[in-house]
Ligand SMILES: C[S@@+](CC[C@H](N)C(=O)[O-])C[C@H]1O[C@@H](n2cnc3c(N)ncnc32)[C@H](O)[C@@H]1O
């Protein structure tokens, strides 16, 4: 069964006093959750902490105060993919901790790293991390993928604290049903686990507590394939090509070959699925119908558009082995991601009257009526999906 730790409310109360009660507004954790977190830190007495998911920095402030009270000499990194506080975008991410640094920071050497996700920073942060706090987007791949990427940088005995492990059940009316990333991590990973719903004074009717922790040991790495496999559950967020590539690079470099192979298989499948889902939504018809028509169009099709959707359809074509003859742009239109491909770019006005153009509208639907009006006048054009 799950273990308990000694809750530590002292830093929580002390930060409230030091900041005239403002920490309550700027931490996204309840007092109990902060006390659980500070209890875990007190038990571990870490030397190198990584916090991922900062927001205003209210919890960063509580952690720093906790370290100060312990008299710990410690390195701490707080990472967020945004440079600004998402609820008040005019403020810097972590602004609350930054503004109170003199009051709350003892011997800790603290750094904020922002503007990118964790695989972009982890090599700079380096190994020997002995305390990790994950509290980011909660949607898959989210914290599950982040943990897999950073595991090789964690010391044996590292205390990992996960926020929002019950989020999908706590806020059924607020659209959080998909927030399952920390729960999947907590349930799939191996190590000594801490979970204390019986001590949580804020339990609602679902009786689920929203914070948990585990300790990394030799079994965590041995069984990480379970968490990699859990990553094949449906993703609720699509990552950019560059991001997925960076995760793969880190996993390939620092994990065993077999772990990387599974990770690659799972992430490639997820990329495929997300492209197919996006095309299905955009095209509006059945995918097999699009593929069949594309194949029937002898010599391949032209994509009309040269921006985001053209990039999506290019990836879709690659996945399905479909040929693209070129990119059509209306005169004067900017050429965005496709400019790096070798596909010929044809301006609408320069079309060759002897050529047959089978076209897929690969641009935002708001432009479709204008485009259709333009091509309707041209006998040698047929638009796939709009007949
Ligand atoms: C739930 S809030 C963090 C709350 C903070 N830990 C606290 O207790 O006050 C989530 C934060 O994670 C950031 N975030 C979301 N997804 C992320 C990701 N994949 N990598 C890094 N940061 C992320 C968001 O920008 C946001 O600032």
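Every number here is computed from the coordinates shown, using simple stated rules; none is lab data. The model shown is predicted, which means the values in this text are computed figures rather than measured ones. Glycine gets a Cβ as well: all are built from the backbone with ideal geometry, and neighbour counts include every protein chain shown.
Values for this structure:
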{"quantity": "Percent RCO, i.e. relative contact order, over the chain, from Cα pairs under 8 Å lying at least 6 residues apart", "calculated": "11 percent"}
{"quantity": "Within a Gaussian network of the chain (alpha carbon springs, distance under 10 Å), most fluctuating of 59, 136, 366", "calculated": "366"}
{"quantity": "Extended-chain gain in nm, criterion 0.36 nm per residue less alpha-carbon gap, residue 25 and residue 219", "calculated": "66.0 nm"}
{"quantity": "Per-residue Cβ neighbour rank within 10 angstrom, fewest leading, 29, 207, 76, 229", "calculated": "207, 229, 29, 76"}
{"quantity": "Cα gyration tensor, the range 74-127 - rounded (a/c under 1.5), prolate or oblate", "calculated": "oblate"}
{"quantity": "Compactness of the chain as Cα Rg over 2.2 N^0.38 Å, two decimals", "calculated": "1.19"}
{"quantity": "Alpha-carbon Rg/Rh ratio, for the range 227-366, with Rh computed the Kirkwood way", "calculated": "1.04"}
{"quantity": "Rounded to 10°, Cα long-axis angle of helix 308-320 versus longest principal axis of the chain", "calculated": "80 degrees"}
{"quantity": "Shape of the range 126-228, Cα gyration tensor, a/c cut at 1.5", "calculated": "prolate"}
{"quantity": "Principal-axis tilt of helix 31-44 within the chain, Cα atoms, nearest 10 degrees", "calculated": "70 degrees"}
{"quantity": "GNM result for the chain, Cα springs below 10 Å: residue of 226, 261, 351 fluctuating most strongly", "calculated": "351"}
{"quantity": "Residue-span extension gain [residue 269 to residue 356] - 0.36 nm each, minus C-alpha spacing", "calculated": "27.9 nm"}
{"quantity": "Per-bin percent of Cα-Cα distances, the range 287-384 [5 Å]", "calculated": "2, 13, 27, 27, 20, 9, 1"}
{"quantity": "For the chain, built as a Gaussian network whose Cα springs stay under 10 Å, the top-fluctuating residue of 289, 130, 83", "calculated": "289"}
{"quantity": "Computed E for residue 242/residue 323 - FRET, C-beta separation, R0 25 angstrom, nearest 0.05", "calculated": "0.45"}
{"quantity": "Largest-first principal axis extents, alpha carbons of the range 153-212, Å", "calculated": "39, 25, 14"}
{"quantity": "Taking 246, 281 and counting other C-beta atoms within 10 Å, the order from fewest to most", "calculated": "281, 246"}
{"quantity": "The range 1-146: relative contact order in percent, alpha carbon pairs under 8 Å with at least 6 residues between", "calculated": "26 percent"}
{"quantity": "Backbone N under 11 Å from the residue 128 label point (7 Å along Cα→Cβ), restricted to the range 59-78", "calculated": "75"}
{"quantity": "In degrees, nearest ten, helix 58-70 long axis to first principal axis of the chain (Cα)", "calculated": "30 degrees"}
{"quantity": "Least to most buried among 137, 74, 131 (fewest other Cβ within 10 Å first)", "calculated": "137, 74, 131"}
{"quantity": "For the range 53-95, convex hull volume per residue from C-alpha positions, Å³", "calculated": "59 Å³"}
{"quantity": "Over the range 234-387, relative contact order from alpha-carbon pairs under 8 Å, at least 6 apart, %", "calculated": "21 percent"}
{"quantity": "Theoretical gain in end-to-end length, residue 204 to residue 69 [0.36 nm per residue, Cα-Cα removed]", "calculated": "45.4 nm"}
{"quantity": "Mean-position separation - Cα centroids, the range 233-289 and the range 175-203, in angstrom", "calculated": "25 Å"}
{"quantity": "Spin-label model distance (nm) - residue 261 vs residue 232, 7 Å beyond Cα toward Cβ", "calculated": "1.4 nm"}
{"quantity": "Rounded to 5, the percent of DSSP beta bridges in the chain classed as antiparallel", "calculated": "20 percent"}
{"quantity": "Debye equation applied to the C-alpha atoms of the range 85-179, log10 I(q)/I(0) at 0.11, 0.15, 0.16, 0.19 Å⁻¹", "calculated": "-0.43, -0.80, -0.91, -1.18"}
{"quantity": "Label-point separation in nm, residue 382 to residue 292, each point 7 Å along Cα→Cβ", "calculated": "1.4 nm"}
